[in-house]
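The values are calculated or read from the model by the stated rules, or taken from the named source; none is laboratory data. The structure displayed is predicted, hence computed values, not measured ones. Note that each Cβ is placed from the backbone with ideal geometry, even for glycine, and that neighbours are counted across all protein chains shown.
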Amino acid sequence: MAENKTTENNLSIVDFLNSVDDKTKREDSFDLCKIMNRVTGYEAKMWGTAIIGFGTYHYKYESGREGDAPLAAFSPRKDAITLYFSSEFTDRDELLGKLGKHKTSKVCVHIKKLADIDQTILEMMIKNSVTSIKNLYP
């Protein structure tokens with residue numbers, strides 16, 4: 001079975017974020033580190049070369065595939081900042097409806113900048129997602 005390419009490592013978060021060209025996205029990413037640290041209680045760690053994660057859990061699917069992943073994470077991508085959440089957590093749809101300007105995919109929420117969203121709602125989403133993951137993978 002193939003190993004996961006995106007694993008926790010000791011690359012520098014500061015160096016990575018300072019390499020983000022867009023000033024607003026760079027500043028928002030530093031702010032997201034503070035928010036996610038405060039809400040999760042975990043220090044930021046690099047996962048792969050472009051994801052900043054907080055905490056970790058071990059998953060194992062019915063297919064037998066297993067690995068480790070961050071409890072909460074984000075990545076400042078070219079088009080948007082991608083926030084990684086559980087695919088299902090308490091009040092997900094309601095909170096997304098109140099979040100502000102964003103796009104979604106199965107487990108990701110994409111935002112252009114923090115000013116576009118309600119940070120209190122973001123904090124609730126992070127908390128609820130982490131709780132959901134911890135319940136699913138104790």
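Give the number of residues within segment 68-92 that are surrounded by fewer than 20 Cβ atoms within 10 Å (Cβ to Cβ) and either on the phi > 0 side of the Ramachandran plot or in a loop (DSSP other than H, G, I, E, B) (or both).
8
Would you be able to say whether some residue in segment 88-100 is touching a strand residue (DSSP E or B) at 6+ places or on another chain (Cβ under 8 Å) and closer than 27 Å to Asn18 by Cβ?
The answer is yes; a qualifying residue exists.
Considering only segment 112-123, state which residues are hydrophobic (A, V, I, L, M, F, W, C) and either out of contact with any helix residue (DSSP H, G or I) (no Cβ under 6 Å at 6 or more places or on another chain) or at pLDDT below 95 (or both).
Ala115, Leu122 - these are the residues of segment 112-123 that are hydrophobic (A, V, I, L, M, F, W, C) and either out of contact with any helix residue (DSSP H, G or I) (no Cβ under 6 Å at 6 or more places or on another chain) or at pLDDT below 95 (or both).
Please find, among Val39, Val20, the residue that is among the hydrophobic types (A, V, I, L, M, F, W, C), in a loop (DSSP other than H, G, I, E, B), surrounded by 15 or more Cβ atoms within 10 Å (Cβ to Cβ) and in contact with a Lys or Arg (Cβ under 6 Å, 6 or more places away or on another chain).
When all the criteria are applied, what remains is Val20.
If you check Asp28, Asp15, which single one turns out to be out of contact with any Phe, Trp or Tyr (no Cβ under 8 Å at 6 or more places or on another chain) and either surrounded by 13 or more Cβ atoms within 10 Å (Cβ to Cβ) or at pLDDT below 95 (or both)?
Matching residue, one of Asp28, Asp15: Asp28.
Please specify each residue of segment 91-138 satisfying the condition of being closer than 20 Å to Arg26 by Cβ and β-branched (Val, Ile, Thr).
Passing the criteria: Val109, Ile111, Ile117.
Is there any pair linking a residue in segment 80-109 that is over 16 Å from Met36 (Cβ atoms) and modelled with pLDDT of 95 or more to one that is among the basic types (Lys, Arg) and surrounded by fewer than 18 Cβ atoms within 10 Å (Cβ to Cβ), with Cβ under 6 Å and at least six apart or on different chains, and which?
If the second residue must be among the basic types (Lys, Arg) and surrounded by fewer than 18 Cβ atoms within 10 Å (Cβ to Cβ), the pairs left are Ala80/Lys112.
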